[in-house]
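> Sharing a structure below in structure tokens format, with a few things to ask.
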Amino acid sequence: MNAATVTQSLERLAAAGTRLGRRPPHQTFDVLARVFDAFSTEDSPQRHALEAALPAATGFSAPVVSEGLRRGLAAWTGEAFLDLVDREIGPRQATEDGPARLVAGFETTAVILAGSIPMPTLLALAAPLALQSPVMAKLASRDRVTGQHVTRSIADLDAALGDCIECVELPRDDREIMDALLAADCVVVTGSDETVTNLGARVRSPRRLVRYGHRLSVAVVGGAALEGSGRDAAAADLALDVALWDQLGCLSPVAVYVVSPDSRASAGFSEALAQAMADAERRLPRGVVEKSAAARIAHERADAEMRAAGGSAVAVHASSDTRWTVVCEDSAALRAAPLHRFVRVLPVRDPADLLDALAPMGRHLAAVGVGGIRGEITGLFRSLGRLGAARICPLGSMQCPPLAWCHDNRGVLEPLARLTDREPIP
């Protein structure tokens, strides 16, 4: 494609959106609910096709794709989607005799996708359509298939709605082409902070700009998760959270904070986690890793081993290759996270120290997975929310967010909508 064809596609989508706007919104909701049902049902043709295509397209192993989809999509049903609509759109529909808030989408929405995990792509494409805004999506370089499967599923169910979505592969370094895409009425940019900042600066007013930049997640364990069978269970749950999608999503924990006044607790949990990581690798083998990523893992391992040799209370537990790594650190300072199943275990004495350690990353905090800690401890969960965490959940479920989870501390549909308050007119 070139800039002219991108512009023409946006114009075609806008015309299709006008036609879509003439029919009742509930028809669109019903079609999208059927799409979510199709992908959340394990034995559906749509699910089978996506599951078969993802390993080659993304580099994930087939077992990781299968287990990731099974867990991640289990609750992403049509009913869950309609509940989301009711929460963010439905109750605000106009009534004849009272105040109401009208909710509408934009004439066109451009979505710039990033990453390689399929669930965010499914939701990113469905959200504008729920507002009856046609979508043009730039596919992510690491996943060129999910968007196409979603588009095909929509078109098969409803040709008119299918006319309102187009997924394309575009060179991000071609400024003319990207500027043509950024001319859509609403622009959703997902990616690194650098990408979001650079592209966002090129979106001209009065267009709506929705940014989703860098986010990371961590785990927190304490109490019953630090001894006996409780420790083994928490380690196994955490290893699953790390292994699914090879630690490459914003909900993948990059570190675990061990809350205990006993300095030996971190070492004990690190050993249990190392065993759990090895077990997870056998069941859910890691996928393809680029040479640069493997080099970063080797570098961080070597750095930790050098600090240990210098007398620091640091320990490295790792596979013979780069498939998994657990580094038990001697302080709560978060170091570089190479990803691809590389986890740091960090000691904190109490919840206050934990909050101090997390404060620098607060605005980037997506999820906190919790094991062995109860919310009543000095209002810890509320404090994590004030710090910036968008989601607090049990270990073992970090990769299974609800469909309506408040990514980036906001709703799913509202950032893409135009709201109009209508007051009673005598």
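The values are calculated or read from the model by the stated rules, or taken from the named source; none is laboratory data. Quantities reported herein were computed from a predicted structural model and do not represent experimental measurements. Note: ideal-geometry Cβ built from the backbone for every residue, glycine included; neighbour counts use all protein chains shown.
> Cβ-Cβ below 8 Å, separation at least six or inter-chain, first residue in the range 141-160 and closer than 21 Å to Gly191 by Cα, second assigned to a loop (DSSP other than H, G, I, E, B) and among the β-branched types (Val, Ile, Thr): which pairs?
Listed pairs, sorted by first residue: Asp143/Ile117.
> So which strands (runs of 3 or more DSSP E) are wholly in the range 42-154 and hold at least 3 residues that are basic (Lys, Arg)? Walk me through it before giving the result.
Details: elements: 100-104, 109-112, 135-138.
Output list is empty.
> I would also like to ask the following. Would you please list the contacts, defined by Cβ atoms under 9 Å and residues six or more apart or on different chains, that run from a residue in the range 39-67 that is outside the structural domain of Ile117 (by TED's automatic domain parsing) to a residue that is surrounded by fewer than 17 Cβ atoms within 10 Å (Cβ to Cβ)?
none
> Scan the range 13-29 for residues that are in a helix (DSSP H, G or I) and surrounded by fewer than 16 Cβ atoms within 10 Å (Cβ to Cβ) and jot them down. Before the answer, list the steps.
Of all residues in the range 13-29, those in a helix (DSSP H, G or I) come to 13-20, 25-29.
Answer for the range 13-29, where residues must be in a helix (DSSP H, G or I) and surrounded by fewer than 16 Cβ atoms within 10 Å (Cβ to Cβ): Ala15, Thr18, Arg19, His26, Gln27.
> Sort out which residues of the range 141-160 are out of contact with any strand residue (DSSP E or B) (no Cβ under 6 Å at 6 or more places or on another chain), under 14 Å from Ile112 (Cβ atoms) and crowded, with 22+ Cβ neighbours inside 10 Å, and write them in order of number.
Scanning the range 141-160 gives a single hit, Asp143.
> Got a sec? Which of Pro401, Pro351, Pro424 is modelled with pLDDT under 95 and in contact with a Leu (Cβ under 7 Å, 6 or more places away or on another chain)? Walk me through it before giving the result.
On the way: Pro401 fails: modelled with pLDDT under 95; Pro424 fails: in contact with a Leu (Cβ under 7 Å, 6 or more places away or on another chain).
After applying the criteria, what remains is Pro351.
> A follow-up question, please. Pull up the range 339-376, narrow it to residues that are touching a Gly at 6+ places or on another chain (Cβ under 6 Å) and not in a helix (DSSP H, G or I), then point me to the one that is nearest to Arg410 (Cα to Cα).
Within the range 339-376, the subset touching a Gly at 6+ places or on another chain (Cβ under 6 Å) is 362-363, 365, 372-373.
From the residues that got through so far, the ones that are not in a helix (DSSP H, G or I) too are 365, 372-373.
Working: Leu365: 13, Gly372: 28, Ile373: 26 Å.
For the range 339-376, the residue satisfying everything is Leu365.
> Could you please let me know if Ala74 is small (Gly, Ala, Ser) and exposed (fewer than 15 other Cβ atoms within 10 Å of the Cβ)? Talk me through it step by step, then tell me what you get.
Numbers: small (Gly, Ala, Ser): yes; exposed (fewer than 15 other Cβ atoms within 10 Å of the Cβ): yes.
Yes, satisfied.
> Could you tell me whether any residue of the range 365-374 is surrounded by fewer than 17 Cβ atoms within 10 Å (Cβ to Cβ) and either of a type in the set (A, V, I, L, M, F, W, C) or under 16 Å from Val218 (Cα atoms) (or both)? Working first, answer last.
Within the range 365-374, the subset surrounded by fewer than 17 Cβ atoms within 10 Å (Cβ to Cβ) is 374.
With either of a type in the set (A, V, I, L, M, F, W, C) or under 16 Å from Val218 (Cα atoms) (or both) added as a condition, the list becomes none.
Looking for residues that are surrounded by fewer than 17 Cβ atoms within 10 Å (Cβ to Cβ) and either of a type in the set (A, V, I, L, M, F, W, C) or under 16 Å from Val218 (Cα atoms) (or both), one finds none in the range 365-374, hence no.
Per-residue answers, yes or no, for (1) crowded, with 23+ Cβ neighbours inside 10 Å; (2) out of contact with any Pro (no Cβ under 6 Å at 6 or more places or on another chain); (3) among the acidic types (Asp, Glu); (4) outside the structural domain of Asp185 (by TED's automatic domain parsing):
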{"site": "Leu209", "(1), (2), (3), (4)": "no, yes, no, no"}
{"site": "Gln275", "(1), (2), (3), (4)": "no, yes, no, yes"}
{"site": "Arg283", "(1), (2), (3), (4)": "no, yes, no, yes"}
{"site": "Glu290", "(1), (2), (3), (4)": "no, yes, yes, yes"}
{"site": "Ala293", "(1), (2), (3), (4)": "no, yes, no, yes"}
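> Next up: For the range 161-176, give me each residue that is in a helix (DSSP H, G or I) and crowded, with 16+ Cβ neighbours inside 10 Å. I'd like the intermediate steps shown before the answer.
The initial filter retains those residues of the range 161-176 that are in a helix (DSSP H, G or I), namely 161-162, 175-176.
Within the range 161-176, Leu161, Gly162 qualify.
> Condition check: touching a Phe, Trp or Tyr at 6+ places or on another chain (Cβ under 8 Å) and of a type in the set (D, E, K, R). Does Arg283 satisfy that? Step through it out loud before you land on a result.
On the way: touching a Phe, Trp or Tyr at 6+ places or on another chain (Cβ under 8 Å): no; of a type in the set (D, E, K, R): yes.
Taking the combined requirement at face value, the residue does not satisfy it.
> Same structure, new question: So, in the range 213-248, how many residues would count as being surrounded by fewer than 24 Cβ atoms within 10 Å (Cβ to Cβ), within 20 Å of Glu281 (Cβ to Cβ) and not aliphatic (A, V, I, L, M)? Outline the logic, then answer.
In the first step, residues of the range 213-248 are kept if they are surrounded by fewer than 24 Cβ atoms within 10 Å (Cβ to Cβ); the result is 213-216, 223-224, 226-233, 236-237, 240, 247-248.
Still in the running and within 20 Å of Glu281 (Cβ to Cβ): 231-233, 236-237, 240, 247-248.
Subset that is not aliphatic (A, V, I, L, M): 231-232, 237, 247.
Residues that pass the stated criteria total 4.
> If you don't mind, there's one more thing I want to ask. Output the residue which, of all residues in the range 177-186 that are part of a helix (DSSP H, G or I) and touching a residue at least 60 places away in the same chain (Cβ under 8 Å), is nearest to Ala417 (Cα to Cα). Steps first, answer last, please.
Kept after step one, since they are part of a helix (DSSP H, G or I), are these residues of the range 177-186: 177-181.
Checking the rest, the ones that are also touching a residue at least 60 places away in the same chain (Cβ under 8 Å) come to 177, 179-181.
Working: Ile177: 25, Asp179: 22, Ala180: 22, Leu181: 19 Å.
Per the criteria, the residue is Leu181.
> Considering only residues that are farther than 24 Å from His340 by Cα and crowded, with 23+ Cβ neighbours inside 10 Å, which ones fall in the range 113-125? It would help to see each step written out before you state the result.
Of the residues in the range 113-125, the ones farther than 24 Å from His340 by Cα are 123-125.
Answer for the range 113-125, where residues must be farther than 24 Å from His340 by Cα and crowded, with 23+ Cβ neighbours inside 10 Å: Ala124, Leu125.
> On to the next question. Return the pair list, or none, for Cβ contacts closer than 6 Å from residues in the range 308-319 that are under 15 Å from Ser270 (Cβ atoms) to residues that are of a type in the set (Gly, Ala, Ser) and surrounded by 18 or more Cβ atoms within 10 Å (Cβ to Cβ), at least 6 apart or on different chains.
Val314/Ala304; Val316/Ala304; His317/Ala274
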